[in-house]
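Novice: Before I ask anything, here is the structure I am working with.
Rule-based calculations on the coordinates, nothing more; no lab input. The structure presented is a predicted model; accordingly, all values stated were derived computationally and were not measured. So basically every Cβ, Gly included, is an ideal-geometry build from the backbone, and we count neighbours across all protein chains shown.
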2 protein chains.
Amino acid sequence: MGNYHTLTQAEAVAYARGIEGVFPVGAQLKSREIGDGNLNHVFHISDPASGRGLILKQALPYVKVVGESVPLTLDRVRIESEALRIQGELCPDQTPKVYAYDPDLALMVMEDLSDHIILRRGLMERGRYPLFAGHIGSFLARMLFFTSDLAMDLQEKKRRVKAFINPELCNITEDLIFDAPYKKSRMNIFEPHIRDAVERIWADKELHLEVALLREVFLTKAQALLHGDLHTDNIFIKLDSAKVIDPEFAYYGPMGFDIGTVIANLLLNYSGQEGWSTDAQGRTEYRRYLLDAVRDLWTQFELQFRELWNGHAADRMAKTRGYQDLYVTRLVQDTIGFAGAKMLCRVYGFIHVADIDHIADAAARERAQRIALEIGAALIKLNRSAQSIEEVLDIALKAAN
Amino acid sequence: MGNYHTLTQAEAVAYARGIEGVFPVGAQLKSREIGDGNLNHVFHISDPASGRGLILKQALPYVKVVGESVPLTLDRVRIESEALRIQGELCPDQTPKVYAYDPDLALMVMEDLSDHIILRRGLMERGRYPLFAGHIGSFLARMLFFTSDLAMDLQEKKRRVKAFINPELCNITEDLIFDAPYKKSRMNIFEPHIRDAVERIWADKELHLEVALLREVFLTKAQALLHGDLHTDNIFIKLDSAKVIDPEFAYYGPMGFDIGTVIANLLLNYSGQEGWSTDAQGRTEYRRYLLDAVRDLWTQFELQFRELWNGHAADRMAKTRGYQDLYVTRLVQDTIGFAGAKMLCRVYGFIHVADIDHIADAAARERAQRIALEIGAALIKLNRSAQSIEEVLDIALKAAN
C-alpha cells in the first residue's frame, strides 16, 4: 500500500476519465461526493451530455467512531472486490459491474446505479417491489449454496475461507451487534423515553444466553461466503431489478446471518410505519405488504435453495435422506435469531435506521422503537425452537397491535 | 521448497550431528528408521556411549494410498511445527521438545521419547496408567480452551484459523472417516466374516443422517485448534508422563473431535480384549479399567475446562448465565458422536488398529470387530441427544456382554 493517498475530487475525476469505454473523449465530467465519509470516499462522476456515469469508491485508512478516528485495514477493498467478482459470477443480475480495482489506491470503479434507488428509501416512500422477493431470494440462495460445502470442492472451499478471513470488519459486527447492546456502553445511543425498555434488555438473562449462542454461531460457523452487511442501504432497487453492493464485511459465516439481516430491515421499516400516524389504513396495508415480503423472501429463498441442492449438490453426503430438511430447519432458526439481533442494535445501538429515527413525532417514534424492540427480543428467543417463518409474522402482527 | 530432497540415512545423521547441545563432539551415532515410510521418514538417531538420542522426521511429498503415490503438501510440516510450538507453550509437560524446524527440507528434529512407549502398545500389553486421564484431560482442556474464542482475542483467533487452514490433510479425514465407510469403496478393507455387519451399516439411513451432521460439524465449526489425529499411536506414555506427537492434521475444528478420538481408541482396545480369550477374569478387569479411563478422561477434561472458563475466559459473553452448561453439553454430544465415527472407520475402513487386527484367533477377532461396530454405531446415534459420558459406558458394557 506504499502508493496510497486519498484522492482529491479532481484526481478522482481524472482517474474516472482513464477508465476505457465509459465516457466519450473530451467529456465535461461532473463529480459529486455521495458517501458519508466515515469509512470511504464515494464519488458519483457523470457526463451530463451523454448521460453516462460511474461510481468511484476509495477506502479510507480509518473509521470514525464516536468522534474518534480508528485505523481500519485497507485490505477490505481486496475482500470487497473479490466478493463482488464471485457475486458477479453467481448472480450477475444482482451485481454492479466493476470497471477497475486498484489495490494500491484501495479503490474500485463501478457501475452507476442512479436508475435504481436505495431500498431503505424505497420502503420509506412506501414503494412496492413485487419482484424483490424473487430477486433477493435468488441472490441469497445462489450465493449461499454455491459458496458452501454443499456445492464446492471441499479443499477449494477451505482456501476460500482463508482468503476471506476478515478480522477487523467482523470485529465491528461482533462489538456493535452482539456485545454493546447487552451492556451499558457509550456505543449505545438512545432517547430517554425508551430507557425502561433498554434496561429491561440489559437485565434479561434469558435473552443474553440466546445472544451468546447466536454470537458463537457468528464466530465459528464457516458455512458460506456471506455479504456480511446486507441491510436495505446496501440493496439498490427498481421495479424490475435489485442490485447488492458493498460486501466489504464478507467472510465465511452462518447463512442465516445474511437472510436475517434482510428480514430485520424489512421489520424495522414495519415498526417505523408508526410514523405515518395520520393514515391508519395505508399503514395497515403497507405493513401487510412488508410481512408478505418477509414471507415471500424466505419462501423464494427456500424454494431455490432446495432446487439447487437437489440439482447441483456436488457432495454425495448432501443426498442423505432427511439431511436437507434438518439443514433448512436450522437455517430458519439461525435466520430468525440473527434477524432479532440485527433489529435490537439498530434501535438503540451505535448505528440506527432512518426508517425509525426520521419519524418526526416523538410519541410515534417511541411507539416504533418499542415495536421493534418487542419483535427483536422475541425473534432472538426463537433461535433454537422456530420451525417456520410464519412465527415471525405472528410476532410482528402481535407487536403492532 | 526449492532445496527439498529426501535425506539419506547418512545425511540424516550428519544433520543430527549439527544440532547443538545434544550429542558429545565426535560421538559415534547410530541411526534407525522407525516410521512406516508412508507419509514421512522418521529416524531415531542415538549415541550409545552417552545414551543420548533424538528423532529426525522428514515429510515426504507424497502419501501411499492403496499402492499408489499421491502428492501431499509439504506445508504440513509448517503446520505441525507451528502446532507443536503452541502446544509447547500451553502444555509443556505433554509436548516433545523441538530442536530444529527446517522448512526447506520439510523436517523437524525432536526430543527422543524412547523412555516412553506408544500408548496403543501399552494398552495392548494391558498396562495401567493412573495419571493418563489427568495428563491428557488437562492437555485437551488447555489446548482446546486457550485456542478458542473463549480465551483468545477474537481477531487474533481468526488469524490463527487462517494460518491453520489445512485442506489436504483435512481431506484425508473427510474421506476416510466421514465418507468411504458409508458406501461401497475400495477404501474399505474388511474380512468376509463381518460383511453382513458392514452391509447393515451401508443400509442404515438413520446412521447416515447422523454421520452427515457430524461431518458438517467437522467441515464448518472453527471452534478450537485441534490436534486432528489424536489416536493412541500419537500419545507416548510412561507411568508419570504422557506426550502428544504428530499434530500435522491440526486445523480449527470442533473440540469434540479430539476428545472423541482418544475415547474411540480406548474403546477399540476395549473391543479388542476379546483376543485374550483364555483369561476371562483379566479381560473383565481390564475392560473395567478402560471404561474408568474413559469416564476419568472426560471428567478430568470437563473439570479443568470449566475451571479455565471460570478463571480465564477473556470474553465477557462467556460469563453469561447458563452458557457454560449448554456449551459443555454440546461438547459431550460432539465428543460421543465423533468417537463413534472414529471407531467404525478403524474396524473396516482404510486404516485399522492393531488392538483388533492383531488378534490371532479369527473367531475372537470377529467378536472384537462386532463389538466395536455395535459401540461405534450406537455412539454416532447419540450425537444429538447424549447428556452424559455415562451413556457411553452403558453402551460399551452392553455390547461386550
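Novice: Counting only other residues whose beta carbon sits under 14 Å from that of A:ARG17, what net charge do I get with K and R as +1, D and E as -1?
Specialist: Working: positive: A:LYS30, A:ARG52; negative: A:GLU11, A:GLU20, A:ASP47.
Residues close to A:ARG17 contribute a combined charge of -1.
Novice: What number results when the radius of gyration of segment B:159-280, computed over Cα atoms, is divided by 2.2 N^0.38 Å? The partial results should precede the final answer.
Specialist: Values: Rg = 16.8 Å, N = 122, 2.2 N^0.38 = 13.7 Å.
With N residues counted in segment B:159-280, Rg over 2.2 N^0.38 Å equals 1.23.
Novice: Viscosity 1.002 mPa s, temperature 20 °C: Stokes-Einstein D of chain B from its Kirkwood Cα radius, in µm² per second? Write out the running numbers ahead of the final one.
Specialist: On the way: Rh = 21.9 Å.
Estimated via Stokes-Einstein, D reaches 98 µm²/s.
Novice: Sticking with this structure for a sec: Could you go through segment B:155-169 in sequence order and give the Karplus-derived ³J(HN,Hα) for each residue, using 6.51 cos²θ - 1.76 cosθ + 1.60 with θ = phi - 60°, rounded to whole Hz, and x for Gly and Pro?
Specialist: Listing the rounded values in order: 6, 4, 4, 5, 5, 6, 3, 4, 5, 10, 4, 9, x, 6, 7 Hz.
Novice: A further question on this structure: Give a residue-ordered list of calculated ³J(HN,Hα) values for segment B:197-206 (Karplus: 6.51 cos²θ - 1.76 cosθ + 1.60, θ = phi - 60°; whole Hz; x for Gly, Pro).
Specialist: In residue order, the calculated couplings are 5, 5, 5, 4, 5, 4, 9, 8, 5, 4 Hz.
Novice: Percent relative contact order of chain B, based on C-alpha pairs within less than 8 angstrom and at least six residues apart? Write down the numbers at each step before the final one.
Specialist: Details: 673 pairs, mean separation 69.0, N = 401.
Across chain B, relative contact order equals 17 percent.
Novice: Now for a different question. For segment B:9-111, what does the alpha-carbon gyration tensor say about shape, rounded, prolate or oblate, given a ≥ b ≥ c as the root eigenvalues, a/c under 1.5 as rounded, and a/b over b/c as prolate? Mind dumping the intermediate values first?
Specialist: Numbers: a/c = 2.12, a/b = 1.29, b/c = 1.65.
Oblate.
Novice: Scan around B:TYR129 for amide H atoms under 5 Å from its own, H built in the peptide plane at 1.01 Å from N, and keep only partners 5 or more places away or cross-chain.
Specialist: none
Novice: Exceeding 23 Å between C-alpha atoms, which entries from my cross-link table qualify? They are A:LYS319/B:LYS184; A:LYS97/B:LYS158; B:LYS157/B:LYS319; A:LYS243/B:LYS157; A:LYS158/B:LYS184; A:LYS221/B:LYS162.
Specialist: Working: A:LYS319/B:LYS184 16 Å; A:LYS97/B:LYS158 31 Å; B:LYS157/B:LYS319 19 Å; A:LYS243/B:LYS157 33 Å; A:LYS158/B:LYS184 27 Å; A:LYS221/B:LYS162 14 Å.
Beyond 23 Å: A:LYS97/B:LYS158; A:LYS243/B:LYS157; A:LYS158/B:LYS184.
Novice: How large are Rg and Dmax for the protein assembly as shown when only the alpha carbon atoms are used, in Å?
Specialist: Cα only, the protein assembly as shown: 29.5, 98 Å (Rg, Dmax).
Novice: Along segment B:376-381, what does the Karplus equation 6.51 cos²θ - 1.76 cosθ + 1.60 (θ = phi - 60°) give for ³J(HN,Hα), rounded to whole Hz, x for Gly and Pro?
Specialist: Listing the rounded values in order: x, 5, 5, 5, 4, 6 Hz.
Novice: Here is a further query. What's the longest bit of chain B with no exposed GluC sites (Glu not before Pro), using DSSP loop states and at most 16 other Cβ atoms within 10 Å as the test?
Specialist: B:126-401
Novice: Give me, ordered by chain and number, the residues 5 or more places off A:TYR251 or on other chains with an amide H under 5 Å from its own placed amide H.
Specialist: A:LEU226
Novice: Say the dipole of the protein assembly as shown comes from +1 at the beta carbon of Lys and Arg and -1 at that of Asp and Glu; which of B:VAL42, B:ALA180, B:PHE164 then lies farthest toward its positive end?
Specialist: Going by the charge dipole, the pick is B:ALA180.
Novice: Which of the trypsin sites (Lys or Arg not before Pro) found in segment B:27-136 are loop residues per DSSP with 16 or fewer other Cβ atoms within 10 Å of their Cβ?
Specialist: Details: sites: B:LYS30, B:ARG32, B:ARG52, B:LYS57, B:LYS64, B:ARG76, B:ARG78, B:ARG85, B:LYS97, B:ARG120, B:ARG121, B:ARG126, B:ARG128; in loops: B:LYS97, B:ARG126, B:ARG128.
Qualifying residues, ordered by number: B:LYS97, B:ARG126, B:ARG128.
Novice: Anyone know which of B:LEU213, B:LEU226, B:LEU140 comes out most mobile in the 10 Å Cα GNM of chain B?
Specialist: Looking only at B:LEU213, B:LEU226, B:LEU140, the largest GNM fluctuation is found for B:LEU213.
Novice: Which one of B:PHE350, B:GLY137, B:MET255 has its Cα pushed farthest toward the positive end of the charge dipole of segment B:117-399, where Lys and Arg give +1 and Asp and Glu give -1 at the Cβ?
Specialist: Farthest along the dipole direction, towards plus: B:MET255.
Novice: In units of 2.2 N^0.38 Å, what is the alpha-carbon radius of gyration of segment A:212-260?
Specialist: Numbers: Rg = 12.3 Å, N = 49, 2.2 N^0.38 = 9.7 Å.
For segment A:212-260, the normalised Cα radius of gyration comes out at 1.28.
Novice: Next question. Which of B:LEU373, B:LEU209, B:LEU74 ends up with the largest GNM mean-square fluctuation for chain B, with Cα atoms connected below 10 Å?
Specialist: B:LEU209
Novice: Could you pull out every residue, at least 5 positions away or on a different chain, whose amide H is within less than 5 Å of the one on B:LEU39? Hs are placed 1.01 Å off N in the peptide plane, and Pro or chain starts have none.
Specialist: Here nothing satisfies the definition.
Novice: With springs only between Cα atoms under 10 Å apart, run a GNM on chain A and tell me which of A:TYR289, A:TYR101, A:TYR15 wobbles the most.
Specialist: A:TYR15
Novice: Given the -39500 (n - 2.57) contribution per DSSP H run of 4+ residues, what per-residue ellipticity at 222 nm results for the protein assembly as shown, rounded to the nearest 500 deg cm²/dmol?
Specialist: Calculated from helices alone, the mean residue ellipticity at 222 nm is -16500 deg cm²/dmol.
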